[in-house]
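What follows draws every value from the coordinates through simple rules; no lab data is involved. Treat the numbers as computed from the prediction; the structure is a model and nothing was measured. Positions of Cβ are generated from backbone atoms using ideal geometry, with glycine treated the same way; all protein chains shown enter the neighbour counts.
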Amino acid sequence: MYSEIIMAGFGGQGVLLIGKMLAYAGMKAGNEVTWMPAYGPEMRGGTCNCTIVMSDKPVGSPITRSPHALIVLNLPSLDKFEASVRPGGVIVVNTSLINRLPRRTDVTVIPVAANEIAQEAGTPKAANMVAFGAYLGATGIADLAVVKDVLADTFASRPKLIGLNQTCLDRGYEIGKACAAQARS
């Protein structure tokens, strides 16, 4: 197993958080993992992204030029990274903030209205968890139970956020699973 993933959006959307969570889930599963954040000086509102590389063998470099998957939470990120995804890859698109789908036909596109789903679940701040769940459901890269354990550890100091975030993760997971099944048929 070897997978390169880019997660991207605006600062404050929780892109780095879900990247770390995927990295921790990969480590808990016994994989070799790198996590490399990149963000501008603006922090909230500025662009940010992270690259995660997961493998069952040692990882040679944390850098990717052609990821297997992309999770984008805003339009500038889709514009920047869409062309870099490998043919046959997966692009998760937050349709709440992105007014177009990828133009490519050689990737699996998972459209998810992450902001609306998070709002319905009770917290608009968990749109990142919806998109992350959609990615997990579409790819099966990490066991959902392990990711939920990582989520519980991550929010241990704020226990009332655990249930809300798990709900958003579950809703995204189901969407991703259904979209991937439809793409395969």
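What the phi angles of region 156-169 give under the Karplus curve with 6.51, -1.76 and 1.60, with θ = phi - 60°, is a coupling list of 4, 7, 10, x, 6, 7, 4, x, 4, 5, 5, 4, 5, 4 Hz, glycine and proline written as x. In region 137-177, whose amide N lies under 15 Å from the spot 7 Å out along Cα-to-Cβ of Ser55? List them in ranges. Backbone N within reach: none found. Ranked for footprinting exposure by Cβ neighbours inside 10 Å, fewest first, Tyr173, Tyr39, Tyr135, Tyr2 give Tyr2, Tyr39, Tyr173, Tyr135.
Considering helices alone, the calculated mean residue ellipticity of the chain at 222 nm is -13500 deg cm²/dmol, with DSSP H runs of length four and up weighted by -39500 (n - 2.57) and normalised per residue. Starting from the amide H of Gly89, placed 1.01 Å from N in the peptide plane, find each other amide H under 5 Å away whose residue is 5 or more places distant or on another chain. Here the answer is Thr108, since their amide H atoms fall under 5 Å of that of Gly89. By the count of neighbouring beta-carbon atoms within 10 Å, fewest first, Thr167, Thr95 end up ordered Thr95, Thr167.
Take peptides 58-66, 136-144 and line them up by average Cβ neighbours within 10 Å, highest first, as a rough protection proxy.
Numbers: 58-66: 11.3, 136-144: 20.0.
Final packing ranking: 136-144, 58-66.
Rg and Dmax of the chain, both derived from C-alpha coordinates alone, stand at 14.9, 44 Å. Our coupling estimate for region 144-152, obtained by passing each phi through the Karplus curve with A = 6.51, B = -1.76, C = 1.60 and θ = phi - 60°, is 4, 5, 5, 4, 5, 5, 4, 4, 4 Hz, Gly and Pro reported as x. Working from label points 7 Å from Cα in the Cα-to-Cβ sense, the Met27 to Glu174 distance is 3.2 nm. Across the chain, the relative contact order, built from alpha-carbon pairs under 8 Å that are at least six residues apart, equals 20 percent. Annotation: lysines with alpha-carbon distance below 16 angstrom to Lys160 (same-chain offsets under eight excluded): Lys125, Lys148.
For region 46-122, averaging the sequence separation of C-alpha pairs within contact (under 8 Å, six or more residues apart) and dividing by the residue count gives a relative contact order of 23 percent.
Find how many whole Å separate the alpha carbon centroid of region 109-185 from the alpha carbon centroid of region 51-97. Between the Cα centres of region 51-97 and region 109-185 lies a distance of 17 Å. Along region 49-56 the Karplus relation, 6.51 cos²θ - 1.76 cosθ + 1.60 evaluated at θ = phi - 60°, assigns HN-Hα couplings of 7, 9, 10, 10, 10, 10, 7, 8 Hz to successive residues, with x for each Gly and Pro.
Grab the Cα-Cα distance for Gln182 and Val146, subtract it from 0.36 nm times how many residues apart they are, and report the gain in nm with one decimal. Mind showing how you got there, number by number?
Working: separation 36, 0.36 × 36 = 12.96 nm, distance 2.54 nm.
My answer for the length gained is 10.4 nm.
When you restrict to C-alpha pairs under 8 Å that are six or more residues apart and normalise by the size of region 117-165, the relative contact order lands at 33 percent.
Ordering Ser55, Ser3, Ser185 from the fewest to the most neighbouring beta carbons within 10 Å gives Ser185, Ser55, Ser3.
Quick one: if you take sqrt(5λ) for each eigenvalue of the C-alpha gyration tensor of region 39-112, what semi-axes come out, biggest first, whole angstrom?
Numbers: eigenvalues 89, 67, 18 Å².
For region 39-112, the ellipsoid semi-axes come out as 21, 18, 9 Å.
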